[in-house]
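Reading through the structure tokens given below for one structure.
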Amino acid sequence: MIHRCSQWNLRVSWIVGPLAAVLAAAALGSGTVPEPRYRVAHWTAEDGLPQNTVKALAQTPDGYLWIGTLYGLARFDGVRFTTFDHGNTPALRDDAINDLAVDRKDGSLWIGTGNGLVHYAYHCFERFGAERGIGEVGRV
């Protein structure tokens, strides 16, 4: 059985491979090379990330890109990063962000940490830990 991500990568290569050949042939035939439509950028802690090790990524319906790192959570609006960690967000008792998931029903963000689960909705963070029946990672 092929992993779901592997299947997606195979499907993309089936589409991108022939498409790239057609575009290259068209560019050679016209004598011009098409303008690139995308720009690649590389962001690090120097640009505002809490830390350079990214453990999780998610994009919410409002367009924000959320980045989970070992030293906190960052929200990227396309220009700048806003960092959330235990120092400025009491619900994040552990700065290491392990997982991010967007809720399909309402577009809110679920944040998995080593010290419980945190939910972000309506500009508020709410912690779900042992007091709500969710144990620490690795414990049942």
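The values are calculated or read from the model by the stated rules, or taken from the named source; none is laboratory data. The model shown is predicted, which means the values in this text are computed figures rather than measured ones. Here Cβ is always computed from backbone atoms with ideal geometry, including for glycine, and neighbour counts include all displayed protein chains. Heavy atoms of the whole protein, side chains included, go into the accessibility calculation; ligands, DNA and RNA do not. Shrake-Rupley method; radii C 1.70, N 1.55, O 1.52, S 1.80 Å.
Where residues in the range 63-78 are open to solvent by less than 30 Å² (accessible area, probe 1.4 Å) and not aromatic (Phe, Trp, Tyr), which of them is nearest to the chain's Cα centre (by Cα)? Among them, the one singled out is 67. For the range 103-112, the criterion of being more than 15 Å from the chain's Cα centre (by Cα), at pLDDT below 95, among the acidic types (Asp, Glu) and over 24 Å from residue 43 (Cα atoms) is met by none of the residues.
Residue count for the range 79-127 satisfying the condition of being without any contact (Cβ under 8 Å) to a residue 24 or more places away in the chain, buried (at least 16 other Cβ atoms within 10 Å of the Cβ) and part of a loop (DSSP other than H, G, I, E, B): 2. Count of the range 42-62 residues, restricted to those that are open to solvent by 40 Å² or more (accessible area, probe 1.4 Å) and either modelled with pLDDT of 95 or more or among the β-branched types (Val, Ile, Thr) (or both), is 7. Any chance the range 74-94 includes a residue that's at pLDDT 95 or above and touching a Ser or Thr at 6+ places or on another chain (Cβ under 6 Å)? Yes, the range 74-94 contains a residue that is at pLDDT 95 or above and touching a Ser or Thr at 6+ places or on another chain (Cβ under 6 Å).
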